[in-house]
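Below: the structure, in structure tokens.
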Amino acid sequence: MLWKRDKSIVPVVMFHSIGIVNLPWIWSTLSENLATFEQVLAKLSQRGFRTVGLADLYDHMAGVRRLPDNSIVLTFDDGYLDNWLNVAPLLRKYGMCATVYVTPEFVDKCSGLRSNTAVEGFMNWDELRAVDKEGVLDVQCHALTHTWYFAGPKIVDIHRPMAVTPYPWLFWNARPDRKPYYLNENQQDFVPWGQPVFEHEKSLIGRQFTPDTQLVNEILGYVEDNGGARFFAGRDWQEKLKSQFPVLHSSGKFPGTFESEEEYQDRVLGELTESRQIIERELDKPVEFLAWPGGGVNEAVVELAKQAGFKSWTLSSWQKPDFKNQQGSNAHEIKRVSGRNKVFWRKRLLKVGGSSWVMLKVLTHQGSLPSKLIGVCKRFIWIVASYLKVQTDATEPKNGWR
């Protein structure tokens, strides 16, 4: 950490959605305020930052060529429709470019270029081709499914009607064809009421657990025979289920089977390879860069990413906190700075930091000690304030299964 920042270090900033508001969505905090995002771009421009692509960053880190000082990479995960409707126009306005990591299973199946900014969802292939050809958004890979799978025999919840469901991936897995539309439609009835929700893991890093089908069907049948969705209106629904099915009392004792290690690796390699091939075919371009869905990564999937032909991949937030994107660093790894301006502590919202908070993180990645100290002090003040004022903004619904 330096008193004066090292402008040769290249921050890579991670965004997701820009401009989704008032949506009953478990991951609504992934969407940044549109005005705040524009303020970030304006401040980057005022400070002399120049956007570059991932291929430029790779060459810089590999020592092939040196990028100009204050180079920066902007990235967007998932391929939300607002990246086309909101982000691309602002990037054009400020003369900037970015990368969007796309999951093919979430690409909208419609065609044509849309203009209705009131619609939520994901980009289609026509929109992805347009931004990629223009150069405003370079389309790269975010794996194929971006889902979660059951990863163990412990039940953590029961699928029941909820205002905001914490497990949309249950519906993705049940109806992959409807994945691009989960922000627009209530998909809770895609999965039978009463489906046990087992401990789960991101699809690329967990061996899949398949619970005993006969026993699961018995539970589903009992719920259906006792009113289906209405069964959960009674306060004693948990006690009724557990009295009928003693296995629900057990912690981690539900019968089932796991993928073998070979099956797991074959599945993940297939997902990484297929996702890359689909994007290359649809956009007629090489796809060489990968972002791990949900930050889910382990040593095995890194080796599989190499086999699938990727040149570099993102580091998860917990990996190598001191890693810098600079010449001499491992060019296969990219450390990203979160573009989220909301500040959380213990899963509670502390403060909406605005564009200044994002800029502090960018400058801290470049080694600025003053920026780091200011960020630490601000966070400390906000944490203290949270003790003096009761916070009610929980970021996720409480688990109702006990």
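The values are calculated or read from the model by the stated rules, or taken from the named source; none is laboratory data. Computed from a predicted structure; not experimentally measured. All Cβ positions, even for glycine, are placed from backbone atoms using ideal geometry, and neighbour counts span all protein chains on display.
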TODO: Within the stretch 104-118, identify whether any single residue is farther than 30 Å from MET162 by Cα, aromatic (Phe, Trp, Tyr) and either surrounded by 15 or more Cβ atoms within 10 Å (Cβ to Cβ) or in contact with a Pro (Cβ under 8 Å, 6 or more places away or on another chain) (or both), and answer yes or no.
DONE: no
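One line per residue, one yes/no per condition, for (1) among the acidic types (Asp, Glu); (2) in contact with a Lys or Arg (Cβ under 9 Å, 6 or more places away or on another chain):
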{"site": "LYS93", "(1), (2)": "no, no"}
{"site": "SER111", "(1), (2)": "no, no"}
{"site": "THR117", "(1), (2)": "no, no"}
{"site": "GLU127", "(1), (2)": "yes, yes"}
{"site": "THR145", "(1), (2)": "no, yes"}
{"site": "ILE158", "(1), (2)": "no, no"}
{"site": "TYR167", "(1), (2)": "no, no"}
- [ ] For residues that are under 29 Å from LEU128 (Cα atoms) and among the hydroxyl-bearing types (Ser, Thr, Tyr), scanning just the stretch 231-290, find the one that is surrounded by the most Cβ atoms within 10 Å (Cβ to Cβ).
- [x] SER275
Open item on the list: Among the residues in the stretch 246-266, are any over 30 Å from VAL156 (Cα atoms) and of a type in the set (Lys, Arg)?
Closed with: no
Task: Residues of the stretch 306-339 satisfying the condition of being part of a loop (DSSP other than H, G, I, E, B), surrounded by fewer than 19 Cβ atoms within 10 Å (Cβ to Cβ) and not polar (S, T, N, Q) - done: GLY309, LYS311, TRP318, LYS320, PRO321, ASP322, PHE323, LYS324, GLY328, ALA331, HIS332
Task: Unique residue being aliphatic (A, V, I, L, M), at pLDDT below 95 and outside the structural domain of ILE278 (by TED's automatic domain parsing) when the list is LEU349, LEU360 - done: LEU349
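Conditions tested, residue by residue: (1) assigned to a helix (DSSP H, G or I); (2) more than 30 Å from THR314 (Cβ to Cβ); (3) in contact (Cβ under 8 Å) with a residue 40 or more places away in the chain; (4) touching a Cys at 6+ places or on another chain (Cβ under 9 Å).
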site: PRO192; (1), (2), (3), (4): no, yes, no, no
site: PHE198; (1), (2), (3), (4): no, no, yes, no
site: LEU204; (1), (2), (3), (4): no, no, yes, no
site: ILE219; (1), (2), (3), (4): yes, yes, no, no
site: GLU224; (1), (2), (3), (4): yes, yes, no, no
site: ARG235; (1), (2), (3), (4): no, yes, no, no
site: LYS240; (1), (2), (3), (4): yes, yes, no, no
Open item on the list: Every residue in the stretch 1-33 that is in a loop (DSSP other than H, G, I, E, B) and of a type in the set (Ser, Thr, Tyr), please.
Closed with: SER8
Task: Any chance GLU185 is within 28 Å of THR29 (Cα to Cα), part of a loop (DSSP other than H, G, I, E, B) and of a type outside the set (Gly, Ala, Ser) - done: yes
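Within the stretch 41-71, work out how many residues are hydroxyl-bearing (Ser, Thr, Tyr) and buried (at least 23 other Cβ atoms within 10 Å of the Cβ).
0
Does ARG178 satisfy being in a loop (DSSP other than H, G, I, E, B) and out of contact with any Cys (no Cβ under 9 Å at 6 or more places or on another chain)? Break it down into steps so the answer makes sense when it comes.
Numbers: in a loop (DSSP other than H, G, I, E, B): no; out of contact with any Cys (no Cβ under 9 Å at 6 or more places or on another chain): yes.
For ARG178, the condition - in a loop (DSSP other than H, G, I, E, B) and out of contact with any Cys (no Cβ under 9 Å at 6 or more places or on another chain) - is not met.
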Task: Checking LYS253 against (1) of a type in the set (D, E, K, R); (2) assigned by TED's automatic domain parsing to the domain that holds ASP132; (3) in contact with a helix residue (DSSP H, G or I) (Cβ under 9 Å, 6 or more places away or on another chain), the condition it does not meet - done: (2)
Open item on the list: Tell me whether the stretch 158-171 contains one or more residues that are part of a strand (DSSP E or B), closer than 30 Å to LEU283 by Cα and touching a residue at least 60 places away in the same chain (Cβ under 8 Å).
Closed with: no
Task: Which listed residue, of LEU90, LEU74, is crowded, with 21+ Cβ neighbours inside 10 Å, over 27 Å from GLY270 (Cβ atoms) and either hydroxyl-bearing (Ser, Thr, Tyr) or in contact (Cβ under 8 Å) with a residue 24 or more places away in the chain (or both) - done: LEU74
